[in-house]
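Below is one structure, written out as structure tokens, with a few remarks after it.
The values are calculated or read from the model by the stated rules, or taken from the named source; none is laboratory data. Predicted, not measured: the structure shown is a model, and the values here were computed from it. Because the Cβ atoms are built from the backbone with ideal geometry, glycine has one as well, and the counts that use them run over all protein chains shown.
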Amino acid sequence: MKRLLLLVILNFQLSIIHSSAAQSAANVKLSVGYPSPSAAFYPLFATKEAGLLEKYGFDSEMVYVQGVKLIQVHVSGQLDISTVSSVVYLQASVGGADLIQVASSIDNQIMKLMVHPSIAKPQDLKGKTLAVTGFGSLTDLLLRPALKNWGLEAQKDVKIVQIGRMPDIATAIAQKTVDGGMLSFPTSLHAEKFNLRTLLDFAEGFESPASTVVVSRRYASANRDTVLRFLKAYIEGTKRLLTDRELGIRALRRYGGVTDRDMLATTHDLFTSRYIKKIPKINLKGVENSLSLIAESNPKAKGRKADEFFDSSFMEELETTGFVKSVWP
């Protein structure tokens with residue numbers, strides 16, 4: 001009888017321990033940053049909207065920090081995981097920031113240099129003014145090498161100014177306050193209604209990831225299971241985005257700041273059919289191209305190897321253990 005009583009007590013204690021452990025796992029705090037309401041970060045939005053971060057045991061907070069300021073906030077330790085362009089995180093990493101890429105959802109930059117209709121070719125830009133969201137931002141980092149490739153020197157042949165928000169850039173071009181500027185979707189689609197024209201589409205013919213998942217080396221080493229669980233949620237979220245149109249539209253309405261139903265539907269259909277990968281594996285060539293792009297204006301990037309700045313072991317583990325196949329049979 002005493003032995004039976006002891007077993008009952010022991011089982012009760014074990015159930016409390018297991019329950020406590022489960023509760024602890026369900027309450028893991030996770031701060032996830034993103035730098036723009038752009039559809040480039042659609043997989044993250046869908047993952048959150050579908051409740052998949054909670055499914056994998058996170059009490060998650062979505063943190064919007066505009067542009068390159070996101071990197072500063074992440075490096076300071078206020079964020080655990082961020083989704084950001086490869087060009088932006090690499091610019092910081094070659095300078096010594098502790099950031100590495102663990103996944104990649106979009107392998108091209110969804111960005112356009114759009115100009116007033118009076119500008120027909122790159123040479124027409126000489127003496128003109130172009131707008132970026134901010135100096136050192138992705139828009140700035142992409143624009144300067146493009147001008148150089150056309151034989152134009154930034155701030156000498158072409159003046160660059162910072163305006164802030166992309167909708168404001170589009171308005172400034174339409175009103176001819178500036179002659180052109182860097183725009184991403186869906187602002188670029190709105191800009192076409194103002195008869196603005198695309199002088200350069202950065203998504204065509206050049207792999208340079210627009211949407212990557214980054215963490216610090218220190219965090220990845222100390223919290224490997226957390227990163228793996230986040231990526232599991234992210235992979236499932238990507239599938240939901242690609243297979244559940246209404247969920248995708250809700251996610252972009254909530255986090256992308258878009259309210260027009262037709263625009264939401266157009267954005268969803270374009271990104272899911274053209275840009276977003278089913279499996280967010282790291283694109284080696286894309287990282288190499290991004291480094292080369294940065295090296296044109298940043299000597300610290302010259303001679304650096306792409307594998308210094310990513311860790312493919314997380315996605316590889318999810319493939320070898322069969323998780324990826326369980327999501328995408």
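Residue count for segment 184-215 under the criterion of being closer than 23 Å to residue 293 by Cβ and not in a strand (DSSP E or B): the result is 12.
For segment 26-59, residues that are over 25 Å from residue 142 (Cα atoms) and either basic (Lys, Arg) or modelled with pLDDT under 95 (or both) total 6.
Filtered by the rule that a residue be under 20 Å from residue 84 (Cβ atoms) and surrounded by fewer than 24 Cβ atoms within 10 Å (Cβ to Cβ), segment 37-51 gives 37, 48, 49.
Scanning segment 166-183 for residues that are among the small types (Gly, Ala, Ser) and either assigned to a strand (DSSP E or B) or more than 22 Å from residue 39 (Cα to Cα) (or both) yields 172, 174, 180, 181. None of 137, 105 is assigned by TED's automatic domain parsing to the domain that holds residue 296, within 30 Å of residue 311 (Cβ to Cβ) and either surrounded by 18 or more Cβ atoms within 10 Å (Cβ to Cβ) or aliphatic (A, V, I, L, M) (or both) except 105. All of 270, 264 fail the test of being part of a helix (DSSP H, G or I), assigned by TED's automatic domain parsing to the domain that holds residue 105, surrounded by fewer than 19 Cβ atoms within 10 Å (Cβ to Cβ) and among the hydrophobic types (A, V, I, L, M, F, W, C), apart from 270.
Out of 88, 75, which single residue is of a type in the set (Val, Ile, Thr) and either touching a strand residue (DSSP E or B) at 6+ places or on another chain (Cβ under 7 Å) or farther than 30 Å from residue 278 by Cβ (or both)? Result: 75 is the single residue among 88, 75 that is of a type in the set (Val, Ile, Thr) and either touching a strand residue (DSSP E or B) at 6+ places or on another chain (Cβ under 7 Å) or farther than 30 Å from residue 278 by Cβ (or both). Can you tell me how many residues in segment 193-207 are touching a strand residue (DSSP E or B) at 6+ places or on another chain (Cβ under 9 Å) and either more than 18 Å from residue 177 (Cβ to Cβ) or buried (at least 19 other Cβ atoms within 10 Å of the Cβ) (or both)? So the count comes out to 7. Is it fair to say residue 325 is farther than 21 Å from residue 93 by Cβ and either outside any loop (DSSP other than H, G, I, E, B) or at pLDDT below 95 (or both)? Spelling it out, residue 325 is indeed farther than 21 Å from residue 93 by Cβ and either outside any loop (DSSP other than H, G, I, E, B) or at pLDDT below 95 (or both).
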